[in-house]
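Remarks on the structure that follows.
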Amino acid sequence: MKRGKKQRGGVTGKGWLPGQPGKPGGRPKGLAEKVRGATRDGESLVRFFLAVSAGKVPDEHGRAIKGKTVELRERIEAHKWLADRGYGKAVQPVEASGPAGGPMQFEAEILNAGEDFAGRVARLAARVGAKAGV
């Protein structure tokens, strides 16, 4: 290898150069715009899920295909999709508790951490002051 030239990483030597991000270009520009254009700003997606939620099998334009039906499980999923996008996803409550289901006790730990930090700062200041001759 020539001196001064950066070698690419990894086993094969084909990896990224040091300091180079994993995907320099990021997400392709205009992807969201293309999806919105292809779905007429999401209108065709909504039509599709409305048809499924009504128990109909939609064609590529969202119109029902005669004589075909959708299973209940699929209808429920379509309702969930529509509700999530129309009203937002429901908040998922999370309950946290301490040992044996009791209340969490962390205030004392925080106070102790603050006292410990203050003690460390004081010791460091004393050591630095001693070295500086203060």
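Scanning the stretch 38-56 for residues being outside any helix (DSSP H, G or I) and loosely packed, with under 15 Cβ neighbours inside 10 Å gives a total of 5. Suppose the filter is modelled with pLDDT under 70, part of a loop (DSSP other than H, G, I, E, B) and exposed (fewer than 13 other Cβ atoms within 10 Å of the Cβ); does Gly10 pass it? When the stated conditions are applied, Gly10 passes them.
Only one residue in Arg85, Arg75 is at pLDDT 85 or above, among the basic types (Lys, Arg) and under 21 Å from the mean Cα position of the chain (by Cα). Which one? After applying the criteria, what remains is Arg85.
Please tell me if Ser53 is under 24 Å from Ala38 (Cβ atoms) and hydroxyl-bearing (Ser, Thr, Tyr).
Numbers: under 24 Å from Ala38 (Cβ atoms): yes; hydroxyl-bearing (Ser, Thr, Tyr): yes.
Judged against the criteria, Ser53 is a match.
Look at the stretch 30-45: where a residue is within 15 Å of Asp59 (Cα to Cα) and a partner is part of a loop (DSSP other than H, G, I, E, B), sitting 6+ places away or on another chain with Cβ atoms under 9 Å, you get Glu43/Gly62; Ser44/Glu60; Ser44/His61; Ser44/Gly62; Leu45/Thr39; Leu45/Gly62. Annotation note: Cβ proximity below 8 Å between a residue of the stretch 48-67 that is farther than 13 Å from Lys80 by Cα and a residue that is outside any helix (DSSP H, G or I) and acidic (Asp, Glu) (sequence gap 6+ or interchain) occurs for Ile65/Asp59. Comparison of Ala90, Ala118, Ala78, Ala113 shows that the only residue that is within 30 Å of Arg40 (Cβ to Cβ) and assigned to a helix (DSSP H, G or I) is Ala78.
Can we say Leu82 is over 28 Å from Ala38 (Cα atoms) and either touching a Pro at 6+ places or on another chain (Cβ under 6 Å) or assigned by TED's automatic domain parsing to the domain that holds Glu43 (or both)?
No, not satisfied.
The values are calculated or read from the model by the stated rules, or taken from the named source; none is laboratory data. On a predicted model such as this, the values are computed, not experimentally measured, just so you know. Positions of Cβ are generated from backbone atoms using ideal geometry, with glycine treated the same way; all protein chains shown enter the neighbour counts.
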